[in-house]
Amino acid sequence: MTIALYQDSSHPKAISSGEQGGNAGLFWSKFFDGFNATFTDFADKETSKRKFLNSFTGARGNSKAIEDAAIRQIELTEKVGGVWFIASNSNSSPFVTGTGNSHPVENGFLWHHTLSVPYMQGSAVKGILRSWMENQLGYGANDSDNQQTDFKVLQAFFGSDHKDPKKQTLDQQAGNLIFFDALPIKSPRLKVEIMTPHMGDYYSDKGKTAPADWHSPNPIPLLAVEEISLLFCIAPRLGKVDTKELEQVSTALQNALANMGAGAKTQTGFGRLVKADETQHKKLQNKVNDKQKAQAKLSASPEQQVIMDAKELIENSPANTLSAGQTNYGKLDAHFQTTQTWNETQLIE
């Protein structure tokens, strides 16, 4: 008799935690093991769901792989003239993404296929910004003084003047803004949350059952992100958006994330993401710069490498301090002696 892979005694019943814990997203989508032998129902509905969800709590993803992916995305964004920022949640505002995805535990979850971490799709970021511009900034509102101009801005940024195709009066196009997936910059921490619908029959029967006090509350566990810092990147398409407009768009998105929230359950306070302080931004920017310098050195000649080392030494040496630089200069002097084509004009350059 053929049995499911996870029913084999040698197969792990839960994915291990930590950076070497394997691909949590793959385990989530393929190896829920709470069904009975005939796959007609749960073996024990509440116990099976909670046990499965609890196996995903704690830090997830390989920190180096996550950081490398973020650095690559920043490099791409900067090369095409885009802007980026980091936004983080707080313990009082868990982040939930992908609850509408199908899964036996009732509430789905969105995992990055290769990084094995929660993230936000670029289309979702685009939707959050558009919703903020329309509902909070009044773009296209009936009482707008420049409604037609608003529609042209919406069309330029997002590709259409209305989200409803039946209301569109301007031609659809590719939007002038490119929204990248919002990726974590470090390993996020996951936990199990509880939501408790008090009138489930009313919602499940589509209004046929009246809402009333005698309905029984139904606690439902779901997987949520306790701590996450996401990288948001926006770029212009073919240079059609200038720097000032990009900065304004970035500010609007930051306000939307902080006040409206992202992901699921935002009406109950979930998903509030606040822009990280400049220290965190600068730290990541320095890592991007260090990678670019290392790549430049690899393709440089020995003489050019000496020049780069000298410039880096001058930039990093404390003012009026010689001791920190003396040893490094000694290394440079040794290199000068072994470089036949070295001359002083190269250093000046």
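The values are calculated or read from the model by the stated rules, or taken from the named source; none is laboratory data. Note that the structure is a prediction, hence the values are computed from the model and not measured. Heads up, the Cβs are rebuilt from the backbone with ideal geometry, glycines too, and the neighbour counts pull from every protein chain shown. Just the protein is used for accessible areas: all its heavy atoms, side chains included, with ligands, DNA and RNA removed. Shrake-Rupley method; radii C 1.70, N 1.55, O 1.52, S 1.80 Å.
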(request) Specify the inter-centroid distance of the stretch 65-97 and the stretch 30-50, based on alpha-carbon positions, in whole Å. (result) 36
(message) Is there a quick way to get the dipole size of the stretch 59-194? I mean about its Cα centre, with the Cβ of Lys and Arg at +1 and of Asp and Glu at -1; what is the value in debye to the nearest 20?
(response) 440
(request) Which order do the peptides 43-54, 28-39 take when ranked by the mean count of other beta-carbon atoms within 10 Å per residue, highest first? (result) 43-54, 28-39
(message) Relative contact order for the stretch 13-95: what percent, with Cα pairs under 8 Å and sequence separation of 6 or more?
(response) 30
(message) Assuming 0.36 nm per residue, please report the length gained on full extension of the stretch F39 to S301 beyond their Cα-Cα distance.
(response) 87.9 nm
(request) Using the charge dipole of the stretch 165-320 (Lys, Arg: +1 at Cβ; Asp, Glu: -1 at Cβ; taken about the Cα centre), state which of A235, Q172, A296 has its Cα farthest towards the positive end. (result) Q172
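When you count, for each residue, the other Cβ atoms within 10 Å and take the mean per peptide, how do 273-279, 139-145 rank with the highest first?
Ranking the peptides 273-279, 139-145 by packing returns 273-279, 139-145.
For the peptides 215-222, 110-117, what is the packing order when you average, over each peptide's residues, the other Cβ atoms within 10 Å and list the highest mean first?
Per-residue mean Cβ counts within 10 Å order the peptides as 110-117, 215-222.
Is the stretch 227-281 rounded, prolate or oblate when judged by the Cα gyration tensor, a ≥ b ≥ c being the square roots of its eigenvalues, rounded requiring a/c under 1.5 and prolate requiring a/b larger than b/c? Don't jump to the answer; show the numbers that get you there.
On the way: a/c = 2.47, a/b = 1.71, b/c = 1.44.
Cα axes put the stretch 227-281 in the prolate bin.
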(message) Quick check on the stretch 95-217: take the gyration tensor over C-alpha atoms, sort the square-rooted eigenvalues as a ≥ b ≥ c, and tell me if it's rounded (a/c under 1.5), prolate or oblate.
(response) oblate
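For the stretch 69-188, what does the accessible surface come to per residue with a 1.4 Å probe? Please give it in Å².
On a per-residue basis, the stretch 69-188 sits at 47 Å².
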(request) Give the shape of the stretch 41-132 as rounded, prolate or oblate, defined through the alpha-carbon gyration tensor: a ≥ b ≥ c are the square roots of its eigenvalues, a/c under 1.5 means rounded, and otherwise the shape is prolate if a/b is larger than b/c and oblate if not. (result) prolate
